[in-house]
Amino acid sequence: MKKIYTLFISIITFAASAQVMDVSVADCNNNASSIHAVLGTGKVLVVASDGLDCSICKSKAPGLQSWAAQNKTKIQVWGAMTFTYSNSTPTCTGVDSWVNSYGWTDIYTFVDANRHWFMSGTPRYTVYSPLDSSLAYQGFDENAALNTALQIAGNTTVGIDEVSQKDFYVSQSPGAVRLHNLPKGANTIQLVNLTGQVVKSINNVSEDGSYTLLTSNMNAGIYLVSAQNNKGFKAVRKVYVK
């Protein structure tokens, strides 16, 4: 029998047990940043590990810049530069040439000297969520990474409503998740896995302030459940299905 455990999500304060390790970096102009610094602003962080000698990375570079520019209000993109086919460390001259060639004005680009984000090949993507300061995606599928980031970014809206973010809570029962104190006027409920796939979507939710999602046919894992009203206010919780 599956059991569901709920965890309150705070957009500003992260549970220490859920936090990824912080990593500090600096670009070639000595502008410093870190994973936690970005997540602390409420933005999703996408790190693209790109090789200066990687032809696929070069072909994808203009598209990544365009995507970063379109979504920069909620998502920050980093370019962690390395070499794919050698263990050499890129120079700032090489990185600056890349930035200028592909117009990476909206991508924070730096030398990944310790190859923190490199693993066996490039391009490789890592997505961090500000919802709980966790690792949301890691792999070579660009579409999966960017879609995950967009889904998380859509769940980080903070606003003032008749029912606040903290009042919305989730309870468990065998094979079901019960949503309580939905935002007033809630009309859309979604259950999303951490690859960004919408597993369940319910529209035209009733006005009684609660709703039950059946989970008996779901795969075990971590999901984000969100309730949004017609004013655009969205409350989010994380659930564990086992």
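Each value in this text was obtained by applying a stated rule to the coordinates, not by laboratory testing. What you see is a predicted model; the values in this text were computed from it and never measured. Here the Cβ positions follow ideal geometry from the backbone for every residue, glycine too, while neighbour counts run over all protein chains shown.
Less than 12 Å Cβ to Cβ from residue 72, Lys/Arg counted +1 and Asp/Glu -1: what total charge do the surrounding residues give? It would help to have the intermediate numbers written out before the result.
Values: positive: 43, 74; negative: 106.
After counting each charged neighbour, the total is +1.
List the equivalent ellipsoid semi-axes of the stretch 77-162 in whole Å, largest first, each obtained as the square root of 5λ for an eigenvalue λ of the Cα gyration tensor. It would help to have the intermediate numbers written out before the result.
Values: eigenvalues 170, 48, 24 Å².
The answer is 29, 16, 11 Å, longest axis first.
How large is the Kirkwood hydrodynamic radius of the stretch 24-155, counting all unique pairs of alpha carbons, in Å? Working shown, then result.
Values: mean 1/r = 0.0689 Å⁻¹.
When all Cα pairs of the stretch 24-155 are included, the Kirkwood radius is 14.5 Å.
For a Förster distance of 51 Å, can you work out the FRET efficiency between the beta-carbons of residue 200 and residue 101, rounded to the nearest 0.05?
Given R0 = 51 Å and the Cβ-Cβ separation, E is 0.70.
Within the set 43/200; 60/238; 74/238; 43/238; 72/242, which residue pairs have Cα atoms separated by over 28 Å? Can you show the working numbers first?
Working: 43/200 25 Å; 60/238 32 Å; 74/238 20 Å; 43/238 18 Å; 72/242 35 Å.
As for pairs spanning more than 28 Å Cα to Cα, those are 60/238; 72/242.
Compute the separation of the alpha-carbon centres of the stretch 43-92 and the stretch 127-152 and state it in Å as a whole number.
15
If only Cα atoms are counted, what is the Rg of the stretch 32-107, and what is its Dmax, in Å?
Reported Rg and Dmax, both Å: 12.8, 36.
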